[in-house]
Amino acid sequence: MSLQIRNDPFTQRLQQIGQWIAQGLLQPAAQALTEAQAQHPKDVRVALMGVRLAQQAGNLAGAVQAARRAVALEPGWFVAVTELALQLAAQGQFSEAMEHARHAVALAPKEPRVLHVAANVAEGAGNRRQALTWAQTALQLDPQNHPLRLNYASMLYRERQYKQAQDEFNRVLQAQPGNETALKSLLNCALQLGDQSEAQRLADVLIIRSPDDEQVRYWHAVAHGQTPKTQPEASVTGLF
């Protein structure tokens, strides 16, 4: 989640720390963040920056701890609550993650980003009905947001609702004709629906666009009725 937009010297310092984290300069970032914490111990943005630092360092437990600190500082701020839900889910702590996801949605029921995160947390927790509901609501609030539509369509696909997923992926492709993720996903849908001619058409488009992509070559062969001797590693557990 993004930090609040301000332009004072301390905010500029936090932005610099964020740049260091993104660049992998973790030691100077950590030192600067410790100094920032000492200067402004109750600034929730410092805690959220701590989440980013811990993530970049691969310290998932530290990311959860920093997110908890952010919520303790601002328990009614949906950004902090959503961040905690996200970090708990990353740690596999789905029961508590769902509690915070529901709280975040209650705090900001019309924020598509909150609903998007909550939907992904719910899917990870195995609450697929709730995941689809939140993902659909996010899309209704921001219907021109193609990543949200892709996310919703992918959830429908994973729920084996292939025709509904196909409709949503087609909407993305209509708006973004070059969207390769949508093309690959439509090929998946066509194969699952047994629409061989459509699968072949999409596979032909993809092989022209990505002739060196192993997965594209594999599923192009499958769409055309061939059975390659080996599968790309990523295809063993699913399609694209």
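I need every pair where a residue in segment 190-203 that is over 9 Å from Ala223 (Cα atoms) has its Cβ under 7 Å from the Cβ of a residue that is surrounded by fewer than 17 Cβ atoms within 10 Å (Cβ to Cβ), sequence separation at least 6 or different chains.
Leu193/Lys163
Is segment 103-115 home to any residue that is open to solvent by less than 40 Å² (accessible area, probe 1.4 Å), closer than 25 Å to Leu186 by Cβ and either in contact with an Asp or Glu (Cβ under 7 Å, 6 or more places away or on another chain) or not in a helix (DSSP H, G or I) (or both)?
yes
Among (1) farther than 20 Å from Leu115 by Cα; (2) open to solvent by 20 Å² or more (accessible area, probe 1.4 Å); (3) within 20 Å of the chain's Cα centre (by Cα), there is one condition Asp167 misses while meeting the rest; what is its number?
(3)
Anything in segment 34-64 that is β-branched (Val, Ile, Thr) and surrounded by fewer than 16 Cβ atoms within 10 Å (Cβ to Cβ)? List them, or say none.
Thr34
From the list Asp142, Asp195, which residue is open to solvent by 30 Å² or more (accessible area, probe 1.4 Å), within 13 Å of Leu115 (Cβ to Cβ) and of a type in the set (D, E, K, R)?
Asp142
Quick check on my filter: what residues within segment 116-151 are part of a loop (DSSP other than H, G, I, E, B) and of a type outside the set (D, E, K, R)?
If the condition is that a residue be part of a loop (DSSP other than H, G, I, E, B) and of a type outside the set (D, E, K, R), then Ala125, Gly126, Asn127, Pro143, Gln144, Asn145 are the ones that fit.
Is segment 172-192 home to any residue that is assigned to a helix (DSSP H, G or I), surrounded by fewer than 16 Cβ atoms within 10 Å (Cβ to Cβ) and of a type in the set (Asp, Glu)? First the steps, then the outcome.
Restricting attention to segment 172-192, the residues satisfying the condition of being assigned to a helix (DSSP H, G or I) are 172-175, 180-192.
Still in the running and surrounded by fewer than 16 Cβ atoms within 10 Å (Cβ to Cβ): 174-175.
Those left that are additionally of a type in the set (Asp, Glu): none.
Within segment 172-192 (the criterion being assigned to a helix (DSSP H, G or I), surrounded by fewer than 16 Cβ atoms within 10 Å (Cβ to Cβ) and of a type in the set (Asp, Glu)), the answer is no, since none of the residues qualifies.
Which members of segment 80-97 meet the condition of being open to solvent by 10 Å² or more (accessible area, probe 1.4 Å) and assigned to a helix (DSSP H, G or I)?
Matches in segment 80-97: Leu86, Ala89, Ala90, Phe94, Ser95, Glu96.
Among the residues of segment 14-21, is any in a helix (DSSP H, G or I) and in contact with a Pro (Cβ under 8 Å, 6 or more places away or on another chain)? So that I can check it myself, show each step before the final result.
Taking segment 14-21 and keeping what is in a helix (DSSP H, G or I), we get 14-21.
Among the residues that remain, those that are also in contact with a Pro (Cβ under 8 Å, 6 or more places away or on another chain) are: 20.
Within segment 14-21, one or more residues are in a helix (DSSP H, G or I) and in contact with a Pro (Cβ under 8 Å, 6 or more places away or on another chain).
The values are calculated or read from the model by the stated rules, or taken from the named source; none is laboratory data. Note that this is a predicted model, so its numbers are computed, not measured. A quick note on method: Cβ atoms are made from the backbone with ideal geometry, for glycine too, and the neighbour counts reach across all protein chains shown. Side chains included, ligands, DNA and RNA excluded: accessible areas come from the protein's heavy atoms. Shrake-Rupley method; radii C 1.70, N 1.55, O 1.52, S 1.80 Å.
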